[in-house]
1. If a/c stays under 1.5 just call it rounded; otherwise compare a/b with b/c (prolate if a/b is bigger, oblate if not). Do that for the range B:20-143, with a ≥ b ≥ c from the square roots of the Cα gyration tensor eigenvalues.
2. For A:Asp149 paired with B:Val36, estimate the spin-label separation in nm (one decimal), with each label point 7 Å from Cα along the Cα-to-Cβ line.
3. I need the peptides B:114-122, B:84-92, A:5-13, A:156-164 ranked by packing, meaning the mean over residues of other C-beta atoms within 10 angstrom, with the highest value on top.
4. What angle, in degrees between 0 and 90 and rounded to the nearest 10, separates the Cα long axis of helix B:243-268 from the longest principal axis of the Cα atoms of chain B?
5. What shape does the range B:261-348 have by the C-alpha gyration tensor, where a ≥ b ≥ c are the square roots of the eigenvalues, rounded means a/c under 1.5, and otherwise prolate means a/b greater than b/c and oblate the rest?
6. If you take each beta carbon of peptide A:77-89 and count the beta carbons of other chains within 10 angstrom, what is the mean?
7. If you count, for each residue, the other Cβ atoms within 10 Å and average over each peptide, how do B:101-113, B:307-319 line up from highest to lowest?
8. Where both residues lie in the protein assembly as shown, what percent of DSSP beta bridges are antiparallel, nearest 5?
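Bear in mind these aren't lab numbers, they're just calculated from the coordinates by the rules spelled out. In this text the structure is predicted, and so the values were computed from the model without any measurement. Quick reminder, even Gly has a Cβ in these numbers, built from the backbone with ideal geometry, and neighbours come from all protein chains shown.
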Amino acid sequence: MLLSFDTATSLVTAALHDGQDVVDERLSERPMKHGEHLAPLIEALLTDNGLVRQDLTAIAVGVGPGPFTGLRVGLVTARTLAHVLEIPVYGVCTLDVVAIEAIDTGAVTGDFLVATDARRKEVYLAAYDDRGRRTDGPVVARPADLASDLPVAGEGALLYPEHFPRGVAPTRPSAGWLARVVAEERAELLDPEPLYLRRPDAVVSGPRKPVLPPA
Amino acid sequence: MSDEPLVLGIETSCDETGVGIVRGHTLLADAVASSVEEHARFGGVVPEVASRAHLEAMVPTIERACETAGVSLRDIDAIAVTSGPGLAGALLVGVASAKALSIGLGKPLYGVNHLAAHVAVDQLEHGPLPEPCLAMLVSGGHSSLLKVEDVTVGVDPLGSTIDDAAGEAFDKVARLLGLPFPGGPHIDRAAASGNSVAIDFPRGLTARKDLERHRFDFSFSGLKTAVARWVEAQQRDGITIDVADVAASFQEAVCDVLTRKALDAAQFHGIEDILIGGGVAANSRLRAMATERAEARGIRVRVPRPGLCTDNGAMVAALGAELVKRGRAPSALDLPADSSQPITTVVA
Ligand SMILES: [Zn+2]
């Protein structure tokens with residue numbers, strides 16, 4: 001049984017895949033509560049499907065890009081759980097998961113983009129061909145600098161319709177599709193390393209500044 | 001084989017990724033990965049840098065702790081983790097990892113208070129805590145006086161800093177003197193060859209008028225400014241600064257206030273045991289002064305060895321083991337990381 005989850009957007013999505021197809025999928029209710037919602041969702045998926053932790057054979061996790069704090073909750077959970085259960089963990093670029101769903105559900109037929117919310121008035125964006133293969137990105141930038149008339153899946157089109165007028169489904173990553181992507185190896189399988197794309201905000205301290213208030 | 005609980009503790013409230021393993025009061029492993037070097041060039045802890053380092057260090061540190069302890073994760077009876085207070089993003093990495101361990105092992109999870117863990121750690125060195133005891137926790141993030149009746153139930157805050165934490169003052173003064181971050185150990189070393197009465201730096205909140213409202217509170221920002229003024233005045237007059245004397249005199253002022261207030265609080269509440277914890281408790285002058293002054297008043301002082309005073313996983317495991325032994329209820333899986341978890345909440 002493959003357990004999959006993604007915490008690279010404001011909500012947590014988690015699913016189980018039995019090797020044939022997705023058997024259950026859950027979505028957290030409140031945004032920005034990754035730390036609180038992920039573990040109970042995993043526990044509920046197991047319990048409600050009559051499974052025990054030893055039934056899990058692999059873990060799939062979205063590696064972003066996405067807001068860092070939530071992203072790390074998913075990755076540290078995946079790494080720790082895989083370590084303690086001694087099972088493999090596969091990372092997938094979160095935008096790839098959105099792309100494969102868009103292709104397989106017929107929402108797009110030719111070249112297209114996936115854009116998600118990077119906050120600070122920016123988006124994470126990648127480009128895909130008509131078979132869902134990533135041809136460029138992911139990058140983080142201002143929507144105006146990436147404006148396109150191509151179809152755009154992901155929340156980016158909802159947030160910035162002036163720059164991405166052709167919004168298509170899906171608007172957020174699904175753990176069910178993440179599981180399918182891994183089970184069928186539809187995208188590049190990565191180590192569970194976060195795709196931050198941004199450096200930490202920090203200023204190297206210069207020479208000592210006087211601590212005295214101006215006289 | 002002992003029937004004492006085998007507990008794994010995780011601590012990620014600041015820049016150290018700590019994983020400790022204890023069996024009852026026996027320390028089996030205390031693995032720590034620190035990102036302090038990465039912060040040194042920023043002159044202080046950068047939360048995002050710390051959080052990234054926690055993610056990378058988490059599983060390797062768990063592995064190292066198990067190896068050192070000679071136990072398998074499957075043998076662990078319970079998981080404890082610092083749920084607060086601390087840096088929100090940093091706490092979250094530890095809490096999420098602890099939940100994954102709890103699910104993966106099918107064992108209970110305890111989200112515990114960082115400050116209570118600083119108190120509980122002394123059990124690993126000196127056995128069961130005296131009840132009640134007066135705990136003085138001093139570090140870069142906190143400076144508090146606490147009355148502890150039962151560390152697994154609750155802790156009574158008596159006083160705390162009204163501005164900078166004691167450790168913060170050490171860092172800032174070290175920076176003024178051109179000493180590296182973190183400042184504590186460097187000031188301690190520099191002070192060893194200095195004259196502690198060379199400069200009469202102020203003792204915050206010790207004047208009669210302050211004692212009414214702030215009898216058991218601390219203030220270190222005035223002291224920090226006084227050191228800065230003194231250093232700048234010397235520089236203006238072209239006098240070379242005697243770093244050792246400044247360090248020794250500053251350190252003396254901090255330790256004097258801390259010790260005085262701790263003893264006063266203990267006597268006021270009729271408590272005969274003082275426990276000192278937190279990174280500043282590693283300071284050699286504080287340890288010596290507190291022990292000497294307490295002895296004169298018939299009060300006992302316990303200070304864990306320096307390695308257990310700074311943030312570590314063993315302290316979290318120690319508190320976890322005590323919670324298990326006393327049959328306290330574990331936390332739920334939706335346990336939040338609470339950056340401002342109050343000291344009165346021992347288990348979240
Ligand atoms: Zn601490």
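1. Taking the square roots of the gyration eigenvalues as a ≥ b ≥ c, the range B:20-143 is oblate.
2. Simple spin-label model gives 6.0 nm for this pair.
3. Ranking the peptides B:114-122, B:84-92, A:5-13, A:156-164 by packing returns B:114-122, A:5-13, B:84-92, A:156-164.
4. For B:243-268 against chain B, the angle is about 60 degrees.
5. prolate
6. Mean number of neighbouring Cβ atoms from other chains: 6.
7. Ranking the peptides B:101-113, B:307-319 by packing returns B:307-319, B:101-113.
8. Counting DSSP beta bridges with both partners in the protein assembly as shown, the antiparallel share is about 65 percent.
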